[in-house]
Amino acid sequence: MPLSNSIITLTTDFGVRDGFPAAMYGVILSVNPQVRIVDLCHAIHPGDIAHGAYILTTVAPYFPAGTIHLAIVDPGVGTKRHILVLRTQEQVFIAPDNGLLGYILQQNPDAEVRYLENPKLWLEKPSFTFHGRDIMAPAAARLAMGIPFSEVGPVANFWEPAPLPPMLKKEQYIQGYVIHIDHFGNLITNIPGEYTGTLTIRDHRIETRAQTFSDGTPGEPVMLVGSSGCLEIVVKEDSAANLLKVSVGDTVNLMVNKM
């Protein structure tokens with residue numbers, strides 16, 4: 001997996017009002033002027049690890065091999081929490097060890113994971129409150145220059161789990177979760193769209209399966225396969241989250257149709 005002169009993406013909860021993303025740009029380009037930086041998302045809800053983990057895991061696959069993904073949603077910055085560097089067959093991910101890389105690890109159980117503990121890769125005298133700028137950004141820039149992956153630090157044998165567990169399937173019954181609510185109020189689950197049947201969430205029973213967001217009757221929830229490949233609960237011209245009073249983490253049950 002070539003990393004030299006690769007792309008570095010940034011996913012943070014910093015927003016664009018302050019200069020935090022720009023400071024990371026400056027550090028990365030000072031270390032490696034040849035790298036390309038892409039703002040994946042700076043609108044993660046503040047401190048919302050589940051939101052950041054979902055955005056990262058759904059967008060990263062569309063980037064080319066060799067991309068380095070730098071993710072900062074770090075309410076524990078400056079504490080004893082670790083920083084992880086994860087290498088799959090095609091890409092590298094750097095993030096605090098707080099579950100932010102949990103979904104990536106669920107999808108890549110054979111990934112190589114190390115702790116970012118080599119101070120030679122950092123800026124001198126890193127701040128206690130901005131590890132994204134002082135530790136992770138320069139390390140990402142140096143990885144993009146082609147330093148050996150093993151130089152980041154020792155192999156990690158333990159890390160924090162994903163914000164939500166994977167779906168559970170037992171015979172014709174599937175238990176999943178709402179793992180994300182998008183800008184439109186659509187409820188995105190972690191149940192693959194290949195499964196069909198009757199879906200229940202809270203006190204609501206959903207049997208209608210649509211193909212597009214314009215299908216169905218206003219005010220009535222339906223399910224469809226979203227762009228992530230998983231089942232979504234949507235309401236025509238309305239917010240399913242508001243209508244059904246559902247939050248991220250709520251359980252979704254699917255009774256699968258028998259073949």
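Where a number appears in this text, it was derived from the coordinates with a stated rule and is not lab data. For clarity, every value in this text was computed on a predicted model and none was experimentally measured. Reconstructed Cβ throughout: ideal geometry from the backbone, glycine too, with neighbour counts over all protein chains shown.
Based only on Cα atoms, what mean projected area does the convex hull of the stretch 153-192 have, in nm²?
Averaging across all directions leaves 5.1 nm² for the Cα convex hull.
Using alpha-carbon pairs under 8 Å, 6+ residues apart, how would you state the relative contact order of the stretch 168-256 in percent?
About 40 percent, as a whole number.
For the stretch 168-256, taking Cα atoms only, what is the radius of gyration to one decimal and the Dmax to the nearest whole Å?
When restricted to the Cα atoms of the stretch 168-256, Rg and Dmax are 11.5, 35 Å.
Quick one: net charge of THR198's neighbours, Cβ under 11 Å, K/R +1, D/E -1?
After counting each charged neighbour, the total is +1.
Once you charge only the Cβ atoms, +1 for Lys and Arg and -1 for Asp and Glu, what is the size of the charge dipole of the chain about its Cα centre, to the nearest 20 debye?
It works out to roughly 360 debye.
May I ask you to derive the FRET efficiency for HIS183 and SER127 from their Cβ-Cβ distance with R0 = 25 Å, giving the value to the nearest 0.05?
Efficiency, from the Cβ-Cβ distance: 0.15.
In whole Å, how far is the Cα centre of the stretch 234-259 from that of the stretch 197-223?
Result: 7 Å between the Cα centres.
Using only alpha carbon pairs under 8 Å that are at least six residues apart, calculate the relative contact order of the stretch 104-235 and give it in whole percent.
About 17 percent, as a whole number.
Taking the Cα centroid of the stretch 128-185 and of the stretch 34-74, what is the distance between the two, rounded to the nearest whole Å?
10
Arrange PHE128, PHE93, PHE213, PHE14 by Cβ neighbour counts within 10 Å, fewest through most, would you?
The most exposed by this proxy come first: PHE128, PHE213, PHE14, PHE93.
Once phi is turned into ³J(HN,Hα) by the Karplus curve 6.51 cos²θ - 1.76 cosθ + 1.60 with θ = phi - 60°, what whole-Hz value does each residue of the stretch 114-128 show in order, with x for glycine and proline?
10, 8, 7, 10, 8, x, 5, 8, 8, 6, 5, 6, x, 5, 6
Only Cα pairs under 8 Å and at least 6 apart count here; give the relative contact order of the chain as a rounded whole percent.
It comes to 17 percent, rounded to a whole number.
Per DSSP H run of n ≥ 4, the term is -39500 (n - 2.57); total these for the chain, divide by its residue number, and report the mean residue ellipticity at 222 nm rounded to 500 deg cm²/dmol.
Roughly -4500 deg cm²/dmol at 222 nm, from the helical runs in the chain.
Going Cα to Cα from LYS120, which aspartates and glutamates come in below 19 Å? Please leave out same-chain ones fewer than 8 positions away.
ASP134, GLU151
So what J values fall out for the stretch 184-199 if you push phi through Karplus, 6.51 cos²θ - 1.76 cosθ + 1.60 with θ = phi - 60°, rounded to Hz, Gly and Pro as x?
8, x, 6, 9, 9, 9, 9, 9, x, x, 5, 8, 10, x, 9, 10
Under a crude label model (7 Å from the Cα following the beta-carbon direction), how far is GLN106 from LYS80 in nanometres?
Label at GLN106, label at LYS80, 2.9 nm between them.
When the scattering of the stretch 7-152 is computed by the Debye formula from its Cα atoms alone, each counted once and equally, what is log10 I(q)/I(0) at q = 0.10, 0.15, 0.21 Å⁻¹?
With no solvent term, the Cα-only Debye profile gives -0.28, -0.66, -1.49.
Residues with amide H under 5 Å of CYS230's amide H, sequence separation 5 or more or different chain, H placed in the peptide plane at 1.01 Å from N; which?
Sorted by chain and number, the residues that satisfy this are GLY193.
For the stretch 94-164, max minus min Cα coordinate along each principal axis, in Å, sorted largest first?
35, 28, 19
Could you name the aspartates and glutamates in cross-link range of LYS169, using Cα to Cα under 14 Å and dropping any fewer than eight places away on the same chain?
The qualifying aspartates and glutamates are GLU194.
Give a residue-ordered list of calculated ³J(HN,Hα) values for the stretch 28-38 (Karplus: 6.51 cos²θ - 1.76 cosθ + 1.60, θ = phi - 60°; whole Hz; x for Gly, Pro).
Computed from phi, the couplings for the stretch 28-38 are 4, 6, 5, 7, 9, x, 8, 6, 9, 10, 10 Hz.
When the label point is put 7 Å from the Cα of ARG36 along its Cα-to-beta-carbon vector, which residues of the stretch 50-88 have a backbone N closer than 13 Å?
Within reach of a label on ARG36, which here means backbone N under 13 Å from a point 7 Å along Cα→Cβ, the stretch 50-88 contributes 63-68.
Most exposed first by the Cβ proxy, i.e. fewest other Cβ within 10 Å, how do LEU123, LEU168, LEU231 rank?
Ranked by crowding around the Cβ, least crowded first: LEU168, LEU123, LEU231.
Report Rg/Rh for the chain, rounded to two decimals, where Rg is the Cα radius of gyration and Rh the Kirkwood radius.
Over the Cα atoms of the chain, Rg/Rh equals 1.02.
Just to confirm the filter: which trypsin sites (Lys or Arg not before Pro) across the stretch 12-87 are DSSP coil and have at most 13 other Cβ within 10 angstrom of their Cβ?
Hits after loop and neighbour filter: ARG17, LYS80.
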